[in-house]
Amino acid sequence: MYKTEGVILRTRNLGEADKIVTVYTSARGKVVAVARGARRTRNRLLGVTQVFTHGRYLMFEGKSMDTLSQGEIIHSFQAVRDDLEKMAAAMYVCELVDVFVEVEEANQETFELLSNTLRMIETGVVKFALRVFELKFMQQLGYQPQLERCVSCGGSVADQILFSREGGMVCDLCKHKVAPVHVVSKGTSALISRILEWDWSRLTILHPSNHSLEELESCMRSYIDYRLDKPMRSLEFIHTLNDFPDSEVTS
Ligand SMILES: [Zn+2]
């Protein structure tokens, strides 16, 4: 038996009334557990096993799967589930953690990054929250982009700042070898450095321009996709939302 804080990354139905939950816990990292009866209307596990919930959980170790037997809500993130844009963003963050992290590799920094990101999404600072999460999460996984020197030859980077999906800046000579590359402005390059170096409380005072956020989004998309063997499901959902007129998604 163990007690841990956790964030529910994903849920699946099991049988008539049970749920299988994937939880990112502070004690043990990613854990897959069964929550018996969690889909019954008046069950005490119903609320605490909703996706994105940050809670305190009591788990029992099992042979093939752990059992989530009790829980209390620390933060429900109901406002995230009630808003399509926030929900899509949170799904993307949770899916990234799920696909990049193996079961039971505890990392307190990742746990804090995940819960801070969900809180920032909840306040409505959605795009910046996603970019901060992507960069800091890649950094925690050991994939920090190289910013000072060319990722291909190690040479110095020219005036035009080019970002490669292989992990950072490239020089003029190498740009054809590591195509596609993204041209980024000085402001975006400085934003990347700050996100990597600054801690969370300092980052929340930044208000990056839409232009920088867009540049960074395309850099991070190709950088992350390069390391994945299959496309992320939550991105399809985000793209579908972007095809709707604004009035329908911000209600
Ligand atoms: Zn080079």
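The values are calculated or read from the model by the stated rules, or taken from the named source; none is laboratory data. Owing to the predicted nature of the structure, the values given are computational and were not obtained by experimental measurement. Cβ coordinates were reconstructed from backbone atoms using ideal geometry, including for glycine residues, and neighbour counts include every protein chain displayed. Please note that ligands, DNA and RNA were not included when accessible areas were found on the heavy atoms of the full protein model with its side chains. Shrake-Rupley method; radii C 1.70, N 1.55, O 1.52, S 1.80 Å.
Pick from the range 158-181 the residues that are closer than 19 Å to Met220 by Cβ and open to solvent by 40 Å² or more (accessible area, probe 1.4 Å): which of them is farthest from the chain's Cα centre (by Cα)? Going through the qualifying residues, I end up with Lys175. No other residue among Val151, Val183 is out of contact with any His (no Cβ under 6 Å at 6 or more places or on another chain), within 15 Å of the ligand (Cβ to nearest atom) and among the β-branched types (Val, Ile, Thr) apart from Val151. Quick check on the range 185-208. Is at least one of its residues of a type outside the set (Val, Ile, Thr) and in a strand (DSSP E or B)? No: zero hits.
Please work out if Glu112 is in a helix (DSSP H, G or I), within 30 Å of Lys127 (Cβ to Cβ) and open to solvent by 60 Å² or more (accessible area, probe 1.4 Å). Criteria met by Glu112. Of the residues that sit in the range 128-148 and are buried (at least 20 other Cβ atoms within 10 Å of the Cβ) and hydrophobic (A, V, I, L, M, F, W, C), which one is farthest from the ligand (Cβ to nearest atom)? Here the residue is Ala129. Scanning the range 154-165 for residues that are within 11 Å of the ligand (Cβ to nearest atom) and in contact (Cβ under 8 Å) with a residue 12 or more places away in the chain turns up Gly155, Ser156, Val157, Ala158, Leu162, Ser164.
Checking each residue in the range 67-81 for being open to solvent by less than 30 Å² (accessible area, probe 1.4 Å) and assigned to a helix (DSSP H, G or I) picks out only Val80. Quickly run through the range 161-184 and pick out the residues that are among the basic types (Lys, Arg) and in a strand (DSSP E or B). Across the range 161-184, there are no qualifying residues. Looking only at residues in the range 180-227 that are in contact (Cβ under 8 Å) with a residue 40 or more places away in the chain and among the aromatic types (Phe, Trp, Tyr), the one that is nearest to Arg119 (Cα to Cα) is Trp200. Within the range 139-160, being of a type in the set (S, T, N, Q) and in a loop (DSSP other than H, G, I, E, B) holds for Gln144, Ser152, Gln160.
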